[in-house]
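We did not get these values from a lab; they are worked out from the coordinates using the rules stated. All values reported here derive from a predicted model rather than from experimental measurement. Quick reminder, even Gly has a Cβ in these numbers, built from the backbone with ideal geometry, and neighbours come from all protein chains shown.
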């Protein structure tokens, strides 16, 4: 695939996102959090510094107050955004890469390769994901990389199963048969014929896996299975719970973090829904038909004379 084709493809995706309301809302929300995560820590200050009285309410000095240790909640929220988003997107991409490697190979090569790889990811599908993640995280050294490894190990199998099924369907298509007849290698068929036709599915899986990774990371760290000395959204909630923030009414120690988690999840969900509408021909046809009916109804309404009943 040439650079011009890649550039034109990216431009087409950007234009499609701009035209779709759901995708636009999700992209704007996600872009705001990415900007905060990348540049916010440069201005937020040291999140570990003791800057005030513990559990001080929001004020002009500390916009989101202080936590139970007297640390600035806003600084911890901003710095935690970078770590949590990095883990979320990193895990989301790795999960889909491993799932694509296993699923596409199983679906395309078939036979014994398919049998062995199917057994492999079916074993991981049978194992309960969250309990397995809790057990692995409890026995490994705590830290963001360990947490990311745990989430990758427990989250790749579902993607592999879906991509295997999609590969089995694409393998029967005429363009793959034509490539085989023309003498193209299996590697070139996979890279140039099959994977490009699954791009929309791969993008949707990356978004969905990122939502899963952020939620699982926050949940595991809230349970104390991460590095509680690190500054992330999950450890913010852990320390708020540890300081009995709900009982003492210190809402500012957990509500902003919970709102950020919810907004990121909402933005990714909206972006995923928008991608589905953009890439699904059936949804495109239904939307075009609704727009046509609406335009026809407005035209009929304008052309219909108004009859006034004068009694």
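If r is the Cβ-Cβ distance from residue 120 to residue 242 and R0 is 41 Å, what FRET efficiency results, to the nearest 0.05? It would help to have the intermediate numbers written out before the result.
Working: r = 39 Å, r/R0 = 0.96.
Taking R0 as 41 Å, the efficiency between residue 120 and residue 242 is 0.55.
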> Using the beta-carbon distance between residue 228 and residue 63 and R0 = 25 Å, what value does 1/(1 + (r/R0)^6) give for FRET efficiency, to the nearest 0.05?
Replying inline: 0.55
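What is the packing order of peptides 119-127, 70-78, taking the mean over residues of other C-beta atoms within 10 Å and listing the highest first?
Values: 119-127: 13.1, 70-78: 22.7.
Descending mean neighbour count gives 70-78, 119-127.
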> Taking 0.36 nm per residue of separation and subtracting the Cα-Cα distance, what length does fully extending residue 199 through residue 42 add?
Replying inline: 53.0 nm
> Can you tell which of 270, 198, 94 shows the greatest fluctuation in a Gaussian network model of the chain with Cα springs below 10 Å?
Replying inline: 198
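Could you tell me what fraction of 2.2 N^0.38 Å the Cα radius of gyration of region 10-52 comes to, as a two-decimal ratio?
Working: Rg = 16.2 Å, N = 43, 2.2 N^0.38 = 9.2 Å.
Taking N as the residue count of region 10-52, the ratio is 1.76.
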>> If you average the C-alpha positions of region 151-198 and of region 57-91 separately, how far apart do those two centres end up, in angstrom?
In response: 42 Å
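Please label the shape of the chain as rounded, prolate or oblate, based on the square roots a ≥ b ≥ c of the eigenvalues of the alpha-carbon gyration tensor (a/c under 1.5 means rounded; beyond that, a/b larger than b/c means prolate, else oblate). Walk me through the numbers before you get to the answer.
On the way: a/c = 2.41, a/b = 1.22, b/c = 1.98.
It comes out oblate by the Cα gyration axes.
Given the DSSP H assignment, sum -39500 (n - 2.57) over each helix run of at least 4 residues in the chain and divide by its residue total; what's the result at 222 nm in deg cm²/dmol, nearest 500?
Values: 15 runs with 229 residues, N = 311.
Estimated from H runs of four or more residues: -24000 deg cm²/dmol.
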> Given a Förster distance of 35 angstrom, what is the FRET efficiency for residue 51 paired with residue 31, based on the Cβ-Cβ distance and rounded to 0.05?
Replying inline: 0.75
> What ranking do 37-43, 249-255, 99-105 get when scored by the average of other Cβ atoms within 10 Å per residue, highest first?
Replying inline: 99-105, 249-255, 37-43
> Gain in length, residue 149 to residue 174, computed as 0.36 nm per residue apart minus the alpha-carbon separation, to one decimal in nm?
Replying inline: 5.1 nm
